[in-house]
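Written out below as structure tokens is the structure these notes cover.
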Amino acid sequence: MTTSFCGLELASPIINASGTFDALAAHRTFGDELLERFPFAAFVSKTVTVESREGNPPPRLWETAAGLINSIGLPNKGLDGYIRHDLPFLARLPVPLLVNVMGFTRAEVARLVEAFAGRDEVAGLELNVSCPNVESGLVMGADPGETAALVEEVRPLTGKPIIVKLTPNATDVAAVAAAAQAAGADAVSLVNTLRGMAIDPRTGGPWLGGRTGGMSGPAIRAIALAQVSDVAARVQIPIVGMGGVQTGRHALELLEAGATLVAVGTESFRDPAAGERIAAELSGVRNGAPGRDQASMSAPAAAR
């Protein structure tokens, strides 16, 4: 299942979604077996910001009937801390490293891109555009003009692949993707989480310390399929599809909708080896083997 993506040759089309698999914590738990059996064909880092962030106050997670709401708040060591403490280990991973970056101004994103441009350990960059630009008040990834302006700002700073991670909370996601492509993006990824909220049954107030959070998991899979399909009809650059992937069949559906790669997110919280399993299931489904996906491949009752 070797897959070409932005000049990278990957062993399969299965990677992780940013922030859903902590390679450093996994190594502390599993040791060097993690390096011998790394579950993804490429690794996307947690979001890196210019300054360090503590993240949102707890509680940070709420499990729903068909997914998960997280209000983590992008905790990270900041640019300098990431390069000093995290990058040396991540460079040991047996797969290409894609670094996810986020800033609150175009200048902040440019600083991050420029810092990683000369790092041989980094194979590519993913721009998290789901935050508001404090200079304009607009969410960078919800407005085609804002997205284009950001990509135009950072494109000259690096020859590495630039992937724009789109927010699903936009009026026309495909228009934003087209603007990213026109401005020089090498790929887009979607969908990010949808805004959600949980109520504390004891107090009647918000459960999450950050009040609201990002909804992910099986509940958003149908939305992911629709948005990936819409974007694929508008752009020629590769797409990383994600949203509720639990099995190889789910991955195949995103590929059939137009994705080049598939990212696994929430499922890794339940099964740290989900990426490896889903890649194996995908190979089996493509070759006609029923395997674990037999039930999910059966026709819906309404169609029988």
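Test residue 45 against the criterion of being polar (S, T, N, Q) and either out of contact with any strand residue (DSSP E or B) (no Cβ under 9 Å at 6 or more places or on another chain) or farther than 24 Å from residue 276 by Cβ (or both), and give yes or no.
It is false that residue 45 is polar (S, T, N, Q) and either out of contact with any strand residue (DSSP E or B) (no Cβ under 9 Å at 6 or more places or on another chain) or farther than 24 Å from residue 276 by Cβ (or both).
Quick one: is residue 281 of a type outside the set (A, V, I, L, M), at pLDDT 95 or above and surrounded by 17 or more Cβ atoms within 10 Å (Cβ to Cβ)? Steps first, please.
Numbers: of a type outside the set (A, V, I, L, M): yes; at pLDDT 95 or above: yes; surrounded by 17 or more Cβ atoms within 10 Å (Cβ to Cβ): yes.
Yes; evaluated as a whole, the condition is true for this residue.
Looking at segment 167-183 only, could you name the residues that are in contact with a strand residue (DSSP E or B) (Cβ under 7 Å, 6 or more places away or on another chain) and closer than 18 Å to residue 5 by Cα?
Residues satisfying the conditions are 177, 180.
Residue 288 is checked against (1) within 17 Å of residue 70 (Cβ to Cβ); (2) small (Gly, Ala, Ser); (3) at pLDDT below 95 and fails just one. What number does that condition carry?
(1)
Within segment 130-143, is there a residue that is of a type outside the set (Ser, Thr, Tyr), buried (at least 21 other Cβ atoms within 10 Å of the Cβ) and either touching a Gly at 6+ places or on another chain (Cβ under 6 Å) or modelled with pLDDT of 95 or more (or both)?
Within segment 130-143, none of the residues are of a type outside the set (Ser, Thr, Tyr), buried (at least 21 other Cβ atoms within 10 Å of the Cβ) and either touching a Gly at 6+ places or on another chain (Cβ under 6 Å) or modelled with pLDDT of 95 or more (or both).
Would you list the strands (runs of 3 or more DSSP E) that sit entirely within segment 1-57 and hold 2 or more residues that are at pLDDT 95 or above and either within 27 Å of residue 71 (Cβ to Cβ) or not aliphatic (A, V, I, L, M) (or both)? Quick ask: steps written out before the conclusion?
Details: elements: 3-5, 8-10, 14-16, 43-48.
Those strands (runs of 3 or more DSSP E) span 3-5, 14-16, 43-48.
Of the residues that make up segment 190-207, is at least one among the basic types (Lys, Arg), exposed (fewer than 15 other Cβ atoms within 10 Å of the Cβ) and touching a residue at least 24 places away in the same chain (Cβ under 8 Å)? If you could, list the steps in order and put the result at the bottom.
Our first condition is that a residue be among the basic types (Lys, Arg); within segment 190-207, this holds for 195, 202.
If we keep only those that are exposed (fewer than 15 other Cβ atoms within 10 Å of the Cβ) too, we end up with 195, 202.
If we keep only those that are touching a residue at least 24 places away in the same chain (Cβ under 8 Å) too, we end up with 195.
Scanning segment 190-207, I find at least one residue that is among the basic types (Lys, Arg), exposed (fewer than 15 other Cβ atoms within 10 Å of the Cβ) and touching a residue at least 24 places away in the same chain (Cβ under 8 Å), so the answer is yes.
The values are calculated or read from the model by the stated rules, or taken from the named source; none is laboratory data. Please read all numbers here as calculations on a predicted model, not as lab measurements. Cβ sites come from the backbone with ideal geometry, for glycine too, and all protein chains shown count toward neighbours.
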